[in-house]
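None of the figures in this text is laboratory data; all of them are computed from the coordinates on show. Not measured: the values here are computed from a predicted model. Cβ placement follows ideal geometry from the backbone for every residue including glycine, while neighbour counts extend to all protein chains displayed.
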Ligand code: GLN
């Protein structure tokens with residue numbers, strides 16, 4: 001049963017091939033058996049899951065239908081989940097049980113989804129390798145010596161290892177798309193404001209966005225349908241109607257204009273990945289797409305701008321974890337200053353501390369104009385580049401990452417080397433645009449992703465193109481050896 005996609009599970013539950021309780025029991029057993037190898041879960045919520053599964057079976061017996069009713073999910077451990085530890089991958093929140101459900105968690109539960117647990121992640125979603133978690137590194141099921149990507153590395157590894165068909169993630173600078181690429185999944189970062197951030201522990205509020213990770217575009221469509229929508233509790237949520245994403249999957253690609261930014265194919269990109277990207281372009285051309293070269297001239301400034309803006313917002317968001325109002329408190333503080341210093345010094349890991357310091361510096365009087373304001377100006381230029389490009393093309397295509405998954409530990413002593421891996425993903429966050437990564441081949445046995453970017457609220461278009469591509473390719477169906 002663990003090999004079924006979400007769409008197949010929906011059919012199996014509808015035609016009563018199995019019950020949600022049977023499915024849930026089988027997957028929980030598999031999580032227990034397999035997960036020690038990859039460490040993708042921080043918490044397994046067995047009782048919650050079995051209760052939800054029985055309730056879903058009862059709803060179905062009473063005549064209710066719905067693709068997600070009784071289907072399994074696991075949430076990245078920064079979505080608040082009522083009564084369940086919500087750690088954000090940090091010692092700071094190791095004993096935090098959320099007193100409410102995040103909107104995403106509540107919406108998916110109302111649709112009848114069964115929560116198997118909470119997935120491992122980089123501490124406070126800062127990272128690209130899932131090595132900064134307080135709960136240990138996550139391993140890539142495609143090669144256990146390699147990282148799965150981050151920060152939603154647990155969400156990605158769990159699906160790649162066929163522990164369950166789909167998970168939630170969040171993407172501030174690539175944390176859905178990059179781990180999806182590195183583990184052979186389809187991952188979608190929606191338009192900023194499409195999915196409610198309420199109850200998501202904030203990293204960088206103007207960039208954070210929740211979204212689905214699954215094996216297929218078809219499954220991402222089902223999950224996004226359940227996650228998206230206006231939420232009055234999130235002041236940046238946008239009141240736009242939610243289209244029927246599944247209905248749009250089969251649309252024709254005839255005449256679709258795809259732009260390839262010339263800046264994407266320069267130094268730094270593994271040439272074997274460049275070849276696979278070109279091969280994916282050929283497939284889309286066969287389906288009717290028309291390809292042209294475009295330019296995103298300010299792309300080179302994106303990493304420096306992002307690594308000012310994101311830490312600046314993080315330094316502000318994380319100030320609440322002071323051992324008094326929220327979070328870990330040190331033993332026997334001498335006085336108030338000692339309490340603050342040691343609680344934060346002991347509760348936060350090295351990468352989080354580094355970013356708080358960078359962010360605080362960038363926001364301080366005297367440096368604010370030189371760094372923070374400058375970065376915001378670059379952000380606008382990057383958005384303008386995209387708006388100009390989307391006058392000529394419907395979609396932008398390129399690699400998701402410049403390299404395949406690297407070895408555990410290979411970049412942990414050099415944070416900038418890891419930051420450079422975000423070069424293709426962070427521009428979408430800076431501009432607020434939707435982006436999707438889909439499986440497009442292998443290099444040295446490790447998966448490679450192709451990224452598609454679209455204008456605001458065109459998630460349906462991204463899913464449509466990925467679905468059509470997945471009907472003529474089989475990369476996304478391949479499973480890692482032993483899983
Ligand atoms: N790798 C990026 C960072 O470390 C993105 C993380 C994310 O999207 N949450 O900030």
Among 363, 4, 78, which comes first, then next, by fewest other beta-carbon atoms within 10 Å? 363, 4, 78
Rounded to the nearest 500, the 222 nm mean residue ellipticity computed for the chain from DSSP H runs (n ≥ 4, each -39500 (n - 2.57)) alone is -11500 deg cm²/dmol
Quick one: of the DSSP bridges fully inside the chain, what percent are antiparallel, nearest 5? 70 percent
Just to verify a number: FRET efficiency for residue 369 and residue 293, C-beta to C-beta distance, R0 = 30 Å, to 0.05? 0.25
Give me the percent relative contact order of region 87-129, please, defined on Cα pairs under 8 angstrom at least 6 residues apart. 57 percent
Give me the distance between the Cα centres of region 284-315 and region 91-159, rounded to whole Å. 25 Å
Simple spin-label estimate for residue 110/residue 14, 7 Å along Cα→Cβ, in nm, reads 2.2 nm
Gyration tensor verdict on region 395-483 (Cα atoms; rounded if a/c is under 1.5, prolate if a/b is larger than b/c, oblate otherwise): oblate
Most to least packed among 254-260, 85-91, 197-203, 230-236 [average Cβ atoms within 10 Å]: 85-91, 197-203, 254-260, 230-236
Post the alpha-carbon centroid distance, region 396-414 to region 240-269, in whole angstrom. 23 Å
Counting only C-alpha contacts under 8 Å and six or more residues apart, can you give the relative contact order of region 61-217 as a whole percent? 22 percent
How far apart, in nm, are two points set 7 Å out from the Cα along the Cα-to-Cβ line at residue 279 and at residue 247? 3.7 nm
So for the chain, considering every pair of alpha-carbon atoms, how many percent are separated by more than 40 Å? 14 percent
Expressed as cubic angstrom per residue, what is the convex hull volume of the alpha carbon set of region 331-471? 177 Å³
Output the peptides 403-410, 156-163, 240-247 sorted from most to least packed, where packing is the average of other Cβ atoms within 10 Å over each peptide's residues. 156-163, 403-410, 240-247
Please report, in whole Å³, the volume per residue of the convex hull around the C-alpha atoms of region 28-100. 109 Å³
Counting only C-alpha contacts under 8 Å and six or more residues apart, can you give the relative contact order of the chain as a whole percent? 18 percent
Highest-first arrangement of 415-425, 434-444, 168-178, where packing means the average Cβ count within 10 Å: 168-178, 434-444, 415-425
For region 317-402, convex hull volume per residue from C-alpha positions, Å³: 156 Å³
